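> One structure, pasted below without further comment.
FYI, it's all coordinate maths here, none of it is from the lab. On a predicted model such as this, the values are computed, not experimentally measured, just so you know. Methodologically, a virtual Cβ is constructed for each residue, glycine included, from the backbone with ideal geometry; neighbour enumeration extends over all protein chains shown.
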Ligand SMILES: Nc1nc2c(c(=O)[nH]1)N[C@H]1C(S)=C(S)[C@@H](COP(=O)(O)OP(=O)(O)OC[C@H]3O[C@@H](n4cnc5c(=O)[nH]c(N)nc54)[C@H](O)[C@@H]3O)O[C@H]1N2
Ligand SMILES: Nc1nc2c(c(=O)[nH]1)N[C@H]1C(S)=C(S)[C@@H](COP(=O)(O)OP(=O)(O)OC[C@H]3O[C@@H](n4cnc5c(=O)[nH]c(N)nc54)[C@H](O)[C@@H]3O)O[C@H]1N2
Ligand SMILES: [Mo]
């Protein structure tokens, strides 16, 4: 359980012995056999399995150990020897299980058999797969298709994801929200308008050739630690790595390469970030406007003096649209406003602009610090504008790099798990499988939550995920979730969204990607797509946790067969027997990306899904890369933070969690141990509010809409972050997040700027 918070200042580097020690502790706790260590050696390697943790690129040739502390934790977590068998669930009622913490629920181990909730005993009891499918099918047939929601957390393979979206559409709905809706959807909405593709343009080759790296709102050492290799290599070449983050994230300061035993014994570690700019939350837009403004002014001056211009005018002329309007809009912002809104001084921004202007090739990385704001979409577009000014897209060593979260979130969207019908090749699927696909827009994650709360949604399927923890508006959502007619959870472990359940509730336990998936034609291989659009084969290698588990593919097929009339053009059983056939269907649906899918994915290093922007082919409305003008410099233009005492709450991850999966209570890099029920505060704010370190306070959302949102008993932790903002952990702080507080266009919950008040306990 989360207990009293203990501060242990972190002075070490990320990587190195610290992570090896942390890993050893995890392996021990999970009761690991040597086979786990063997499994780790196959992680992210050709012929092995692709990590189930983050989506970072898998280099070829790989490092000796192509895994990090967190990837190893995720592997160990799935391969745990702990099991939740039917006796475990027979011993206690579901209501009694609610007393367990989120950590304890998952820690209890792998689910081993399909279970159905029995209202008479209030217990999950074993049920046969066939009976489960029959009953779920019957329930689905009885409701209008748009009353069901098919959520996917970004872990399932491309093959399973393709089957899942096809099933939902054959059933009659585009209600296919996924984790991306809470994550990089701001990116997926922003990029097509400006560069004509929804994904990043950078590959690992660009890291080798770059001269400058900008990082906005991405916590590499915690959330994509394998990327530290690329950053470390760049830092060694003297490449400036300029980091923008309100929090001091120590893991990005210094790094010891744990792949290099010599360095592990040496005392020296190397710096990663060369500069750290601690801006205000949501201050990125203003900071970028400031940098653009400097470039424009300096460029004008240079041209006047006959010096080399700073803007790549040839590129702007040949490839872009809207430069003049953009330049005019940027020049309208004066320095006091830029400084006040970014929280950075003009001198600090000049330092960045100078380095950026001196670099031939620049690439920009970003994460949730940009996307999870009301202005998330516009801010991503502003970052692209900054790159376009110097021709930094579609050139080796340069580009835009959204760092994706879940290991296959990018892949799932690219095989059309999407609520937006215009993004899926519906005509082609209709032709291939002889049906009229639904054309009505489906619900995204926030809309799904709204319709669960209003009662319009009657059934929720989760292909992974833990929505009552990961979504906003927890108080209302939990209550409404219990009123659902049906909850169907395809899952590996037990979580909160399974205990708070519908009238008809099923837990359908599936294989993990690390496990051997034996089907009619033998062990199967699946595929996933990383953050750099490379698609890799992945083959499980451990014996399944239980003989009763089924693959996600087999579970989806079982439900589909029980729900839909038989279809001569679609043989679900054949697909389950041989995943090659699913890949053939994917390739036939969209050959431009997936031709010769099976052959190419098996090549060492995988294959790259076509990315026209990388080749400077702009599939936008203007046929060019577009400069778009931001409406405002504000993080949240509609929500004027007025009055004293309102603070901006940033919710973040620790390095002892994967989203709602809590491995433990230690946040080593931030030096916060023993509890996650904390609020990180600037010492000046603490003084102003008269708060002591470790004092317990309550947090309430500072919005006026007649909903009371509160989290209680949070311990105050002094931390290096700007005045006026505080930070806490996701998912503990989610009850404070109003459902309507999301990015305007993408509906990504604005989890990085929640207006809150701190209330002292009497
Ligand atoms: N170990 C581990 N790995 C993970 C995950 C995990 O939970 N644990 N989750 C996975 C998933 S799904 C995702 S999406 C990624 C998430 O990875 P990240 O994108 O790194 O996500 P966060 O930790 O939410 O926050 C990122 C950083 O943004 C900073 N930030 C907050 N507000 C602002 C702002 O206004 N401006 C700027 N510039 N910075 C800001 C925060 O201080 C934090 O350091 O990681 C993936 N990998
Ligand atoms: N306040 C706040 N809220 C946030 C965020 C934030 O930064 N702040 N981040 C958002 C982001 S970026 C994301 S991606 C979402 C994530 O939100 P979700 O997708 O809802 O949550 P996860 O924690 O990733 O899902 C974990 C569950 O997936 C299941 N699972 C694990 N492995 C497998 C598998 O192999 N197969 C199947 N079928 N199931 C499996 C297990 O039951 C596990 O409990 O949360 C979002 N919510
Ligand atoms: Mo994510």
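> What share of Cα pairs, in percent, lie more than 17 angstrom apart in region 646-760?
That fraction is 53 percent.
> For residue 432 paired with residue 360, estimate the spin-label separation in nm (one decimal), with each label point 7 Å from Cα along the Cα-to-Cβ line.
Spacing of the two 7 Å Cα→Cβ label points: 4.3 nm.
> Still on this structure: What's the ranking of 694-702, 278-286 by average number of surrounding C-beta atoms within 10 Å, highest first? Can you show the working numbers first?
Values: 694-702: 18.8, 278-286: 26.0.
Highest-to-lowest ranking by the protection proxy: 278-286, 694-702.
> Could you work out the relative contact order of region 503-551? I mean the mean sequence separation of Cα pairs under 8 Å and 6+ apart, divided by the number of residues, in percent.
Numbers: 59 pairs, mean separation 21.6, N = 49.
Result for region 503-551 is 44 percent.
> Based on the Cβ-Cβ distance of residue 297 and residue 233, what FRET efficiency does E = 1/(1 + (r/R0)^6) give at R0 = 35 Å, to the nearest 0.05? Working shown, then result.
Working: r = 34 Å, r/R0 = 0.97.
The computed FRET efficiency comes out at 0.55.
> While we're on this one: For region 646-760, what is the percent of antiparallel DSSP beta bridges, rounded to the nearest 5? Could the numbers behind the result be given before it?
Details: 19 of 28 bridges.
Once the DSSP bridges in region 646-760 are tallied, antiparallel ones form about 70 percent.
> So how far apart, in nm, are the two label points at residue 104 and residue 209 if each is 7 Å from Cα heading toward Cβ?
My value for the distance between the label points is 5.5 nm.
> Report the gain in length on full extension from residue 580 to residue 350: 0.36 nm times residue separation, minus Cα-Cα distance, nm rounded to one decimal. Walk me through the intermediate numbers first.
On the way: separation 230, 0.36 × 230 = 82.80 nm, distance 5.41 nm.
Between residue 580 and residue 350, full extension yields 77.4 nm more.
> Now for a different question. With all pairs of different alpha carbon atoms counted, what Kirkwood hydrodynamic radius in Å does the chain show?
Details: mean 1/r = 0.0378 Å⁻¹.
Kirkwood hydrodynamic radius for the chain: 26.4 Å.
> Full-extension gain between residue 610 and residue 478, please, as 0.36 nm times their residue separation minus the C-alpha to C-alpha distance. Numbers along the way, then the final one.
Values: separation 132, 0.36 × 132 = 47.52 nm, distance 4.16 nm.
Fully extending the segment from residue 610 to residue 478 adds 43.4 nm.
> Still on this structure, please answer the following. Pop a pseudo-label 7 angstrom from the Cα along the beta-carbon direction at both residue 143 and residue 9 and give the gap in nm to one decimal.
About 5.5 nm, to one decimal.
> On to the next question. Can you tell me what share of the DSSP beta bridges in the chain is antiparallel? A percent to the nearest 5 is fine.
Details: 41 of 92 bridges.
The antiparallel fraction comes to roughly 45 percent.
> OK, next. Helix 579-589 versus the longest principal axis of the chain: what is the Cα-based angle in degrees, 0 to 90, to the nearest 10?
Here the helix axis deviates by roughly 50 degrees.
> What FRET efficiency comes out for the pair residue 439/residue 723, r = Cβ-Cβ distance, R0 = 51 Å, nearest 0.05?
On the way: r = 50 Å, r/R0 = 0.98.
Rounded to the nearest 0.05, the efficiency is 0.50.
> So how do 565-578, 114-127, 192-205 stack up, highest first, on mean other-Cβ count within 10 Å? Walk me through the intermediate numbers first.
Values: 565-578: 14.9, 114-127: 17.0, 192-205: 22.5.
Per-residue Cβ counts within 10 Å, averaged per peptide and sorted highest first, yield 192-205, 114-127, 565-578.
> Starting from 0.36 nm per residue, how many nanometres of slack lie between residue 38 and residue 541 once their C-alpha separation is accounted for? Don't skip to the end; give the middle numbers.
On the way: separation 503, 0.36 × 503 = 181.08 nm, distance 0.95 nm.
The residue 38-residue 541 span can extend by a further 180.1 nm.
> Given a Förster radius of 56 Å and the C-beta distance between residue 93 and residue 304 as r, what FRET efficiency does 1/(1 + (r/R0)^6) yield to the nearest 0.05? Before the final figure, lay out each step's value.
On the way: r = 78 Å, r/R0 = 1.40.
So, using R0 = 56 Å, E works out to roughly 0.10.
> Take peptides 288-299, 715-726 and line them up by average Cβ neighbours within 10 Å, highest first, as a rough protection proxy.
Going by the mean number of other Cβ atoms within 10 Å, highest first, we get 288-299, 715-726.
> Per-residue ellipticity at 222 nm for the chain, helices alone: DSSP H runs ≥ 4 residues times -39500 (n - 2.57), over residue total, nearest 500 deg cm²/dmol?
Details: 32 runs with 272 residues, N = 762.
The helix contribution divided over the chain gives -10000 deg cm²/dmol.
> With axes computed from alpha carbons, what is the tilt in degrees of helix 16-29 against the longest principal axis of the chain, rounded to the nearest 10 within 0 to 90?
Helix 16-29 sits at roughly 20 degrees to that axis.
> If you line up the long axis of helix 346-358 against the longest principal axis of the chain, both from Cα atoms, how many degrees apart are they, to the nearest 10?
80
> A follow-up question, please. Going 7 Å from the Cα of residue 619 along its beta-carbon direction, which residues of region 526-543 have the amide nitrogen within less than 12 Å of the resulting point?
No residue passes the distance filter.
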